[in-house]
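Heads up: the structure comes next, in structure tokens.
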Amino acid sequence: METIGEAATDTVDKYELSEAERDKYIETILTSKSDKKVVVAGPGTGKTYLFKKILEGKKNSLTLTFVNSLVEDLALELYGLSEVKTLHSFGRSILATILKKKIDIYPKLSKVIKEDFKILQGGDIEFDKIFHERDDSNELLKFYESRRQYYGYYGFADVIFAAVKLLEADKSTVPAYEQVLIDEFQDFNKLEVSLIDLLAEKSPILIAGDDDQALYEFLKHASAVHIRDRHGDEMPEYASFNLPFCARCPRVVVEATNDLINTAKKNGLLKERISKPYKYLPNKNKDKISSQFPTITHGSYYAKQIPWFIEKCIASIAEEIKNKFDVLIIAATNKQVRSIAEALKEKGLANIDHPDNSNDREINFFDGFNMLLQNKEDNLGWRIVSSLKMNPDEFNELIKKTGADYSKKIHEYLPKEFTSGVLETVKALKYILTDRSIDPELLTAIFKQFGINANKISSNFLIEKITALDPAKGNPAIRNIPIKATTIQSSKGLSADIVFITNFDDRFFLKDGNTITDQDICNFLVALTRTKKKAILISSVKDKTPSLLKWISKDKIETIK
């Protein structure tokens, strides 16, 4: 008969054996003599820990990814161990070094030049696609380059393209490092991969990613084929490895992930997927969490009820665990994110972070005037301000004039009363930035120009100050729980104790609203595997089970009626 002491020893041995098995995978990678390694690492399987081990003792290393938020996290995790950059910032530094000059970047440049092309040539061209897919012989690149030079800036795609072309022309300029690390390789496109291949000619390289987490095929023409080729037989010069043990997610989330993948394969999907294990890593803390939260919760509520239900769940979880925890809310659209976050604030939940990305992709006055603040003759600054202040016919004529003669700056084509008015605004902005006094009427005009309601801002300020004196709203136990609300794409690299996936309906989570695709599966898996303790799925369509939910074994789902 087994004694209590023997059972405890068995449990310790189980945890030690699990840790030892995980460490074997790490050690196999560390001891490999190959200069080219590709590691397929599922969600929460210790990729950053691997990076730290790889970089130990190295003084000259480089880590590259493509998302700013991921760079910030990696830069902190690898602080003092590696230089961490986005691909476009690395391309910018390459250009600056080779060309020996300052390189200015405007992220929306390709959008500007696309608009110019439509005015001057009458076509609708996705220039980023030309760059991303390395269509180097495309004649339209000459038009792009002429406009780019006229404006004096690079965009995110063309700065990498320009760097790659220079490095390919003279490979002696390719920088060398003791170690190069590449993160999220499944979301790289052909252009970005060509830059990585150049680096791999000079330096030991480790590529990490997971084709189950590919999100950016449609946004930046990325393809998981690049990591699959290097992990398979297409490129045998790469030694391939896996990190199978998930230390982030509770058991039910790991098992649900495997349910989704297995069901997808049975239905003829994920045909090209890299076959790899994804396993729950037992340890004392995770086993306790897995026992405490043995299921994934699914509830169905009308869209306006979702914030109420989230607040209710947070309060219930707080009562159960009686300790600190954080929350991640993942919605399908930015509009849903903003709506939920604002509603939760109204309920008294004060510690909510939700990025306002409303102007990230649109060309706006702030972009143009910021350029003119730095240089009052800046062509791109004048072009942006003119596009937003002129009527369409006047603006089209302006662009046609610049297309006919590149020797003159844009402000030279503009009426004097127009330029003087813009420069007056620039001068006023300088006064504002340096805290100098400005005519109230001019200040009001500037606010109006930028779409700023000064009265509303002032009123909101007073409301905040006055209401701050009142007793705080909401439940004090959950009032300051850290909550982050974001979209699926922006959730990459994040994790939280409690994860809510909202508006979990076919119309939002299936690309065509009816048939499940490989991309739909990847999107859902990324969202679900952000979970460290409890996952809660919220549908907004009554009496209709989401198709993806049907692919998870029913015993793993707790449905709230």
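In whole percent, how big is the carbon plus sulfur part of the accessible area of segment 24-84, probe 1.4 Å, protein atoms only?
Details: 1510 of 3060 Å².
Of the solvent-accessible surface of segment 24-84, carbon and sulfur hold 49 percent.
Could you list the square roots of 5 times each eigenvalue of the Cα gyration tensor of segment 139-205, that is, the equivalent ellipsoid semi-axes, sorted largest first and rounded to whole Å?
Working: eigenvalues 130, 41, 19 Å².
Sorted largest first and rounded, they come to 26, 14, 10 Å.
Quick one: give the max-minus-min coordinate of the C-alpha atoms of segment 47-92 along each principal axis, largest first, in Å.
Principal extents (Cα only, largest first): 28, 19, 14 Å.
Using packing as a proxy for protection, rank 90-102, 495-507 so that the peptide with the highest average count of other Cβ atoms within 10 Å comes first.
Numbers: 90-102: 16.0, 495-507: 22.3.
Result, highest mean Cβ count within 10 Å first: 495-507, 90-102.
Using only C-alpha atoms and all pairs of different ones, pull out the Kirkwood radius for segment 123-239 in Å with one decimal. Before the final figure, lay out each step's value.
Numbers: mean 1/r = 0.0646 Å⁻¹.
Computed over Cα pairs of segment 123-239, the Kirkwood hydrodynamic radius comes out at 15.5 Å.
If you wrap segment 357-441's Cα atoms in a convex hull and average its projection over all directions, what's the area in nm²?
On the way: hull surface 27.3 nm².
Reported value for the Cα convex hull: 6.8 nm².
Extension gain Asp35-Arg479, at 0.36 nm per residue separation less the Cα-Cα distance, in nm?
Contour length minus Cα-Cα distance gives 154.8 nm.
Using only the alpha-carbon atoms of the chain as identical scatterers, what base-10 log of I(q)/I(0) does the Debye formula give at q = 0.06, 0.10 Å⁻¹?
One equal scatterer on each Cα of the chain leads to -0.38, -1.02.
Run through segment 232-298 and list the trypsin sites (Lys or Arg not before Pro) located in a DSSP loop whose Cβ has at most 12 other Cβ atoms within 10 Å.
Working: sites: Arg248, Arg251, Lys265, Lys266, Lys271, Arg273, Lys279, Lys284, Lys286, Lys288; in loops: Arg248, Lys271, Arg273.
Within segment 232-298, the qualifying trypsin sites (Lys or Arg not before Pro) (loop, at most 12 other Cβ atoms within 10 Å) are Lys271.
Kindly provide the pair-distance distribution of segment 166-217 built from C-alpha pairs, with 10 Å bins from 0 and whole-percent values in order of increasing distance.
With a bin width of 10 Å, the distribution comes to 24, 48, 24, 4.
How would you order 190-202, 27-39 from highest to lowest mean count of nearby Cβ atoms within 10 Å? All intermediate terms of the calculation are to be shown ahead of the outcome.
Numbers: 190-202: 19.1, 27-39: 15.5.
Descending packing order for the listed peptides: 190-202, 27-39.
Give, to the nearest whole percent, the P(r) tail of segment 251-405 beyond 23 angstrom, counting all Cα pairs.
Working: 7868 of 11935 pairs.
Result for the distance tail: 66 percent.
As a test question: what accessible area, to the nearest 10 Å², does Tyr413 have when a 1.4 Å probe is rolled over all protein chains in place?
Solvent-accessible area, nearest 10 Å²: 40 Å².
Taking all protein chains together and a probe of 1.4 Å, list Ser275, Ser18 from the most accessible to the least accessible.
Details: Ser275 95, Ser18 15 Å².
The residues order as Ser275, Ser18, largest area first.
Calculated FRET efficiency, Gln489 and Lys416, Cβ-Cβ r, R0 41 Å, to nearest 0.05?
Details: r = 46 Å, r/R0 = 1.11.
It comes out at approximately 0.35.
With a probe of 1.4 Å, find how much accessible area segment 276-386 has per residue, and write the answer as a whole number in Å². Before the final figure, lay out the partial values.
Details: 5430 Å² over 111 residues.
On a per-residue basis, 49 Å².
For the chain, what does -39500 (n - 2.57) per DSSP helix run (n ≥ 4), summed and divided by total residues, give at 222 nm, in deg cm²/dmol to the nearest 500? Intermediate results must be reported in sequence, preceding the final value.
Details: 24 runs with 276 residues, N = 561.
Here the helix-only value at 222 nm equals -15000 deg cm²/dmol.
Need one number: convex hull volume per residue for segment 199-243, Cα atoms only, in Å³.
Details: hull volume 4.2 nm³, N = 45.
Spelled out: Cα convex hull of segment 199-243, divided by residues, is 92 Å³.
Under 21 Å Cα to Cα from Lys401, which lysines show up? Leave out anything in the same chain fewer than 8 places away.
Hits, sequence-local ones excluded: Lys111, Lys114, Lys118, Lys142, Lys376, Lys389, Lys409, Lys416.
Taking 22 Å as R0, compute the FRET efficiency from the Cβ-Cβ separation of Leu76 and Asn283 and round it to 0.05.
Details: r = 24 Å, r/R0 = 1.10.
Using R0 = 22 Å, I get an efficiency of 0.35.
Can you list the trypsin sites (Lys or Arg not before Pro) in segment 354-436 that are in a DSSP coil and have 15 or fewer other beta carbons within 10 angstrom?
Details: sites: Arg361, Lys376, Arg383, Lys389, Lys400, Lys401, Lys408, Lys409, Lys416, Lys427, Lys430, Arg436; in loops: Arg361, Lys376, Lys408, Lys409, Arg436.
Those satisfying the criteria are Arg361, Lys376, Lys408, Lys409, Arg436.
Let me know the volume per residue of the alpha-carbon convex hull for segment 362-409, in Å³.
Numbers: hull volume 3.3 nm³, N = 48.
Per-residue hull volume (Cα only) is 69 Å³.
Compare the peptides 232-244, 339-351 by average per-residue count of other Cβ atoms within 10 angstrom and give them in order, highest first. Walk me through the numbers on the way to the answer.
Details: 232-244: 16.2, 339-351: 17.9.
Taking the mean over residues of other Cβ atoms within 10 Å, the ranking is 339-351, 232-244.
Just need log10 I(q)/I(0) for segment 236-315 at q = 0.22 Å⁻¹, Debye formula, equal scatterers on the alpha-carbon atoms, no solvent, rounded to two decimals.
Log10 I(q)/I(0), no solvent term: -1.05.
May I have the convex hull volume per residue, in Å³, for the Cα set of segment 505-561? Write out the running numbers ahead of the final one.
Numbers: hull volume 5.2 nm³, N = 57.
Value for segment 505-561: 90 Å³ per residue.
Using only Cα atoms, what is the ratio of the radius of gyration of segment 50-176 to 2.2 N^0.38 Å? Could the numbers behind the result be given before it?
Numbers: Rg = 16.9 Å, N = 127, 2.2 N^0.38 = 13.9 Å.
In units of the globular-protein estimate, segment 50-176 measures up at 1.22.
Taking 0.36 nm per residue of sequence separation and subtracting the Cα-Cα distance, how much length would be gained by fully extending the chain between Ser137 and Ile560, in nm to one decimal?
Values: separation 423, 0.36 × 423 = 152.28 nm, distance 5.74 nm.
Taking 0.36 nm per residue and subtracting the Cα distance, the gain is 146.5 nm.
Under 1.5 on a/c is rounded, so check that first for segment 266-308, then, if it is not, pick prolate when a/b is larger than b/c and oblate when it is not; a ≥ b ≥ c are the square roots of the alpha carbon gyration tensor eigenvalues. Each step should come with its number before you reach the end.
Values: a/c = 3.61, a/b = 1.18, b/c = 3.06.
Judged from the Cα gyration tensor, segment 266-308 comes out oblate (a/c at least 1.5, b/c at or above a/b).
Taking a 1.4 Å probe, which of Phe508, Phe131 shows the most accessible area, and what order do the others take after it? Before the final figure, lay out the partial values.
Details: Phe508 75, Phe131 5 Å².
Most to least solvent-accessible, the answer reads Phe508, Phe131.
Report, in listed order, any pair from Lys271/Lys534; Lys37/Lys58; Lys335/Lys484; Lys190/Lys265 with a Cα-Cα distance greater than 21 Å. List each step's numbers first, then the result.
On the way: Lys271/Lys534 30 Å; Lys37/Lys58 17 Å; Lys335/Lys484 15 Å; Lys190/Lys265 27 Å.
From the list (Lys271/Lys534; Lys37/Lys58; Lys335/Lys484; Lys190/Lys265), the Cα-Cα distance tops 21 Å for Lys271/Lys534; Lys190/Lys265.
R0 = 45 Å: FRET efficiency of Leu99 with Leu442, Cβ-based, nearest 0.05?
Plugging the Cβ-Cβ distance into 1/(1 + (r/R0)^6) gives 0.65.
What is the ratio of the Cα radius of gyration of segment 315-411 to 2.2 N^0.38 Å, where N is its residue count, to two decimals? Could you put the intermediate results ahead of the total?
Values: Rg = 22.7 Å, N = 97, 2.2 N^0.38 = 12.5 Å.
Against the compact-globule rule of thumb, the ratio is 1.82.
Using alpha-carbon positions, what is the distance between the centroids of segment 174-212 and segment 230-276, in Å?
Computed from Cα coordinates, the inter-centre distance equals 21 Å.
Averaging over all projection directions, find the projected area of the Cα convex hull of segment 104-159 and quote it in nm² with one decimal place.
Working: hull surface 13.5 nm².
So the mean shadow area of the Cα hull is 3.4 nm².
The values are calculated or read from the model by the stated rules, or taken from the named source; none is laboratory data. Note that the coordinates shown come from a computational prediction; the quantities given were computed from them, not determined experimentally. Here the Cβ is made from the backbone with ideal geometry for all residues, glycine too, and neighbour counts use every protein chain on show. In case anyone asks, the SASA skips ligands and DNA or RNA and just uses the protein heavy atoms, side chains included. Shrake-Rupley method; radii C 1.70, N 1.55, O 1.52, S 1.80 Å.
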